[in-house]
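Worksheet: one structure, shown below.
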Amino acid sequence: MEVDLKKMWQPKNLKEFIERPHCDLGDNGWRLAELASTFENARFLDLGVRLGPSSALMSIAADEKNNKVVGCDIDFNGFKYGGQSSGHVGGRDFVSDSYEMCLSDSVTLGKNWKGDPFDIIFVDTLHTREQVLCELYFWSNHLKPMGYFVFHDSHWDHKTEGDWIGDRFWRRVDEAITEFFNLPMNIMKCNGAYQNDDILLTHFPTNFGMTFIQVKTLDAMEKFKSGIDWEEAFNLRNELNGLHFDYDNPESLASAAKKGEVKGYPDFSLVENELIIKP
């Protein structure tokens, strides 16, 4: 019997929170919640928390099912206190007491992670090929057998560039997914589903796209990593990282925030972050 998570009991304000303009997951968010609801005694990782809708959706019935959610972001103020678009309600109001906040760059955290592996790793950080590839390089080591990677922003128009950062466009998330998992076609052309001996993929194009990939065997991880120029990927990730966090770079976001040229950003010196990482 299928459960309609939109209709099942849950705090009324959670539905309102998810449906406010700050949340761009759309119906895909409920698909994420439905996947999480199939697990017990599980661990979920949310890379790129922002105001916290994905963390909140993976936290439904977390206490009853003994599931734990870990969030990673460079700023948790939105998660704690919300913003105007969320009615000044943050995702923290809808997660369990066991929720863990990691104030860190997602690649740095993956490189240094010493904790238990995860059943679901949700990826929604910088919308660039290089960031996602480097996340996969490390976090693929921390996925449980038969676990899932779930990617948001995986279906932008083919004519659309990736994020604009540092006075130029960067390549898109869908390119990283296609490249890492050795897909025979771009995920935006897979007609919603694809599988082989290593993965089971389901792709939803709406609301900027969400891609669910179940990894059937962890032995495939090394195969996934082969054939990618990791030196190039990390060099570009390091460049991106410097544009955000390097106080010595006058063009960085950190430098601009320190000088008061931009408002609303945290003290980046408190964020766990290695400016330069090598594969």
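At-a-glance table
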{"read-out": "Residues of type lysines that Lys159 reaches as a straight line, Cα spacing below 18 Å, ignoring anything fewer than 8 places off in the same chain", "value": "Lys189"}
{"read-out": "Residue-averaged 222 nm ellipticity for the chain, from DSSP H runs of 4+ at -39500 (n - 2.57), nearest 500", "value": "-8500 deg cm²/dmol"}
{"read-out": "Where trypsin sites (Lys or Arg not before Pro) in DSSP loops with at most 11 other Cβ within 10 Å are excluded, longest remaining stretch of the chain", "value": "8-113"}
{"read-out": "Cβ charges +1 (Lys, Arg) and -1 (Asp, Glu), total dipole of the chain, debye", "value": "460 debye"}
{"read-out": "Within straight-line cross-link reach of Lys111, lysines at Cα separation under 28 Å, skipping those fewer than 8 residues along the same chain", "value": "Lys68, Lys80, Lys144, Lys216, Lys223, Lys225, Lys258, Lys278"}
{"read-out": "Packing-based exposure ordering (other Cβ within 10 Å, fewest first) of Val95, Val215, Val173, Val89", "value": "Val89, Val215, Val95, Val173"}
{"read-out": "Given (1) 36, 32, 17; (2) 27, 25, 18; (3) 40, 28, 17, the label whose value is semi-axes √(5λ) of the Cα gyration tensor in Å derived from this model", "value": "(2)"}
{"read-out": "Cross-link reach list, lysines versus Lys259, counting only Cα pairs under 16 Å and skipping chain neighbours closer than eight places", "value": "none"}
{"read-out": "Bridge type composition, the range 12-226 - antiparallel percent by DSSP, nearest 5", "value": "45 percent"}
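Each reported figure results from applying straightforward, stated rules to the coordinates on display, with no laboratory input. Note that the structure is a prediction, hence the values are computed from the model and not measured. Neighbour counts are summed over all protein chains in view; Cβ atoms, including those assigned to glycine, are modelled from backbone coordinates with ideal geometry.
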